[in-house]
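**Student:** Sharing a structure here in structure tokens format.
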Amino acid sequence: MKISVTVNGTLYEREVEPRTLLVYFLREALGLTGTHVGCDTSSCGVCVVVLDGDRAVKSCTMFAAMADGHDITTVEGLVQGGKLHPLQQAFWDCHGLQCGYCTPGMLMTSYALLKHQPNPDEPAIREALAGNLCRCTGYQNIVKAVQQAAAETNAPAPEPVAT
Amino acid sequence: MFPAPFDYHRPGSVDEALALLTRYGADARVLAGGQSLIPAMRFRLARPAVLVDINALSELSYLREVDGMLAIGAMTRDAALETSALITSKYPLLADTSALVADPVVRQSGTVVGSLCHNDPAGDWGVTALAGRAQIVIRGATGTRTVTIDDFLVDSFTTAVGDGELALEVRFPTPPPRTAGSYQKIERKVGDFATAAAAARITLDANGAIADAGIAIGAAGPHALRVRDAELLLNGAKPTKELIRAAGDAARKLADPAADNRGSVEYKKDMAGVLVARGLIAALARLGVEGLR
Ligand SMILES: Cc1cc2nc3c(=O)[nH]c(=O)nc-3n(C[C@H](O)[C@H](O)[C@H](O)COP(=O)(O)OP(=O)(O)OC[C@H]3O[C@@H](n4cnc5c(N)ncnc54)[C@H](O)[C@@H]3O)c2cc1C
Ligand code: FES
Ligand code: FES
């Protein structure tokens, strides 16, 4: 069947089998390998992408056909104008990653969280990420990173510097 | 681990969905959140020839009170309950449950009705639906019928929804005054199915006696089980430590769990009793009745 999916702002039209899982569509049909496959059985959260702007979904547990006519944001869509997204910068600053395998899923789950709750407290961040597994960091720095990103996103824009 | 091939349909209305389900009968399956069906298809435990995706039926996504009942539409996702002020303020039993199903990302897709239709022996919603006296509205080619949750849960992974039918909504009676509930679950980690689970719902009368009780357990049989013996003990009685212990014992007796890597039969039976007691204590505490621990 033919599907049209907007991924990171670009419309893609592709022929897929209905049984094609979204994560393989993104990685293999579109070459967007930023979204990882971990458990492949909906348990680890590394494959999370954002559907229609604010819903975190495990792309290993959704058919590409279900995304027909919808909008997907993957980790590749976070950078704007060559500048890291505040979440990405915060993960860098706070050492929120080591091997980086879980990171795309952590970022996208956090991205959806901040859309719903711009000011989550620490328990809310831990709760939102409870289904995302990380084998390296011990989570502490991931939580700190999301806190930093939330604080920055909410901070008033800097006053333009008079010249 | 790819599912077997199937034909995919995404109807734009309930009538269209029913026409497809009628046309394909036993070959078709409804696809809601996909959080149980897609894993089952990937493991080839299910290989439907046709999927009828109801995600476009936004008219089935609602939480509303009608005629003394809370209606939860077939496309209402668990996450919608977690963030609903109506649910957190008036339906604590449902609020408890929605926060403990699966993990937060799964809850952004999975639906309450889909979970009931899946009828996993260790699923959470069946337990709460029994204690909360829920009803399910089912529509088929010949009309709409309403089924009590007791009749709906037929066997593991089997419900009263027949071929060609669609579950439209689940309804929970709005709790009368002086009513509270609690959902209790032991899980190995977030996102795991229950090792043991229990739901308790209590209404107190003006004298502080129990006017009406609903008690159910999960992961303790082919599907969620209503603990009628506990309800009979509780109805009309004053809440005491002894009464709560007896209600827990009724659950222990009824529980018929299977041993697996989550625990032995003995452990799970015991936890069914412990969780019923904890649920009662928590529900009564919400009504201001303390000191029963
Ligand atoms: C990692 C993970 C952990 C989980 N942990 C838990 C847990 O702890 N507790 C728990 O209870 N569940 C758990 N689940 C299951 C999850 O809650 C599912 O979302 C839920 O059981 C099914 O809802 P769904 O909307 O995704 O249904 P689907 O997967 O789309 O459908 C499930 C079944 O119901 C049928 N169906 C769905 N909707 C209808 C309808 N309206 N009419 C007729 N038939 C219908 C489908 O045909 C299918 O057979 C977990 C799932 C995952 C992936
Ligand atoms: S790869 Fe999707 S949840 Fe693990
Ligand atoms: S950084 Fe290695 S798994 Fe999270």
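**Student:** Just one of the numbered conditions (1) more than 22 Å from the chain's Cα centre (by Cα); (2) in the same structural domain as B:Arg139 (by TED's automatic domain parsing); (3) polar (S, T, N, Q) is not true of B:Ser13; which one?
**Tutor:** (2)
Yes or no, residue by residue, for (1) outside any helix (DSSP H, G or I); (2) more than 21 Å from the chain's Cα centre (by Cα); (3) under 16 Å from B:Gln184 (Cα atoms):
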{"site": "B:Glu242", "(1), (2), (3)": "no, yes, no"}
{"site": "B:Gly248", "(1), (2), (3)": "no, no, yes"}
{"site": "B:Arg252", "(1), (2), (3)": "no, no, yes"}
{"site": "B:Glu266", "(1), (2), (3)": "no, yes, no"}
{"site": "B:Asp270", "(1), (2), (3)": "no, yes, yes"}
{"site": "B:Arg278", "(1), (2), (3)": "no, no, yes"}
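**Student:** Let me ask something additional. Quick check on my filter: what residues within the stretch B:196-209 are surrounded by 22 or more Cβ atoms within 10 Å (Cβ to Cβ) and β-branched (Val, Ile, Thr)?
**Tutor:** B:Ile202
**Student:** Any idea which of B:Gly114, B:Gly123 is surrounded by 24 or more Cβ atoms within 10 Å (Cβ to Cβ) and within 14 Å of chain A (Cβ to nearest Cβ)?
**Tutor:** That would be B:Gly114, the only listed residue that is surrounded by 24 or more Cβ atoms within 10 Å (Cβ to Cβ) and within 14 Å of chain A (Cβ to nearest Cβ).
**Student:** Take the conditions within 16 Å of ligand 1 (Cβ to nearest atom), out of contact with any Leu (no Cβ under 8 Å at 6 or more places or on another chain), in contact (Cβ under 8 Å) with a residue 60 or more places away in the chain and not hydroxyl-bearing (Ser, Thr, Tyr) and apply them to A:Gly105. Does it pass?
**Tutor:** yes
**Student:** Go over the candidates B:Ala251, B:Ala180 one by one and state the one that is at pLDDT 95 or above and within 26 Å of B:Phe157 (Cβ to Cβ).
**Tutor:** The unique qualifying residue is B:Ala251.
**Student:** For the stretch B:16-23, indicate whether the set of residues that are among the hydroxyl-bearing types (Ser, Thr, Tyr), away from chain A (no Cβ under 13 Å) and surrounded by fewer than 19 Cβ atoms within 10 Å (Cβ to Cβ) is non-empty.
**Tutor:** yes
**Student:** Could you count how many residues in the stretch A:105-125 are surrounded by 15 or more Cβ atoms within 10 Å (Cβ to Cβ) and either on the phi > 0 side of the Ramachandran plot or part of a helix (DSSP H, G or I) (or both)?
**Tutor:** 13
**Student:** Given the structure, is B:Phe152 surrounded by fewer than 18 Cβ atoms within 10 Å (Cβ to Cβ), within 26 Å of B:Ala17 (Cβ to Cβ), within 14 Å of ligand 1 (Cβ to nearest atom) and under 16 Å from the mean Cα position of the chain (by Cα)?
**Tutor:** Answer is no for this residue.
**Student:** Take the residues in the stretch B:81-101 that are hydrophobic (A, V, I, L, M, F, W, C) and surrounded by 24 or more Cβ atoms within 10 Å (Cβ to Cβ), then tell me which one is farthest from the other protein chains (Cβ to nearest Cβ).
**Tutor:** B:Leu93
**Student:** Moving on to the next point. Could you please let me know if B:Ile38 is over 21 Å from B:Asp120 (Cα atoms) and without any contact (Cβ under 8 Å) to a residue 40 or more places away in the chain?
**Tutor:** No: the conditions fail for B:Ile38.
**Student:** Pull up the stretch A:1-56, narrow it to residues that are over 20 Å from A:Leu107 (Cβ atoms) and assigned to a loop (DSSP other than H, G, I, E, B), then point me to the one that is nearest to ligand 1 (Cβ to nearest atom).
**Tutor:** Taking the candidates together, the pick is A:Thr41.
**Student:** Which of (1) within 10 Å of chain B (Cβ to nearest Cβ); (2) free of Cβ contacts under 8 Å to residues at least 12 places away in the same chain; (3) among the hydroxyl-bearing types (Ser, Thr, Tyr) does A:Thr10 not meet, given it meets every other one?
**Tutor:** Among (1) within 10 Å of chain B (Cβ to nearest Cβ); (2) free of Cβ contacts under 8 Å to residues at least 12 places away in the same chain; (3) among the hydroxyl-bearing types (Ser, Thr, Tyr), the lone unmet condition for A:Thr10 is (1).
**Student:** Then there's this: For the stretch A:16-33, enumerate the residues that are more than 13 Å from chain B (Cβ to nearest Cβ) and either surrounded by fewer than 18 Cβ atoms within 10 Å (Cβ to Cβ) or aliphatic (A, V, I, L, M) (or both).
**Tutor:** A:Leu26, A:Ala29, A:Leu30, A:Gly31, A:Leu32, A:Thr33
**Student:** Please enumerate the residues belonging to the stretch A:120-153 that are away from chain B (no Cβ under 14 Å) and of a type in the set (Asp, Glu).
**Tutor:** A:Asp121, A:Glu122, A:Glu152
**Student:** Picking from A:Ala90, A:Ala65, which residue would you name as being away from ligand 1 (no atom under 16 Å from the Cβ) and assigned to a helix (DSSP H, G or I)?
**Tutor:** A:Ala90
**Student:** Still on this structure, I have one more. From the list A:Leu51, A:Leu78, exactly one residue is away from chain B (no Cβ under 14 Å) and either modelled with pLDDT of 95 or more or in contact with a His (Cβ under 9 Å, 6 or more places away or on another chain) (or both). Which is it?
**Tutor:** Criteria check complete, one pass: A:Leu78.
**Student:** Still on this model: What number of residues in the stretch B:174-190 are surrounded by fewer than 22 Cβ atoms within 10 Å (Cβ to Cβ), touching a Leu at 6+ places or on another chain (Cβ under 8 Å) and of a type in the set (D, E, K, R)?
**Tutor:** Total meeting the criteria: 2.
**Student:** Can you tell me which residues in the stretch B:1-15 are out of contact with any Lys or Arg (no Cβ under 6 Å at 6 or more places or on another chain), within 14 Å of chain A (Cβ to nearest Cβ) and of a type outside the set (A, V, I, L, M, F, W, C)?
**Tutor:** The answer is B:Asp7, B:Tyr8, B:His9, B:Arg10, B:Pro11, B:Gly12.
**Student:** Got a number for residues in the stretch A:126-138 being near ligand 3 (Cβ under 9 Å from one of its atoms) and surrounded by fewer than 24 Cβ atoms within 10 Å (Cβ to Cβ)?
**Tutor:** Summing the residues that are near ligand 3 (Cβ under 9 Å from one of its atoms) and surrounded by fewer than 24 Cβ atoms within 10 Å (Cβ to Cβ) in the stretch A:126-138 gives 5.
**Student:** Sticking with this structure for a sec: Please work out if A:Ala112 is in contact (Cβ under 8 Å) with a residue 60 or more places away in the chain and either away from chain B (no Cβ under 14 Å) or over 14 Å from the mean Cα position of the chain (by Cα) (or both).
**Tutor:** no
The values are calculated or read from the model by the stated rules, or taken from the named source; none is laboratory data. Quantities reported herein were computed from a predicted structural model and do not represent experimental measurements. Using ideal geometry, Cβ is built from the backbone for each residue, glycine included, and neighbour counts are taken over all protein chains shown.
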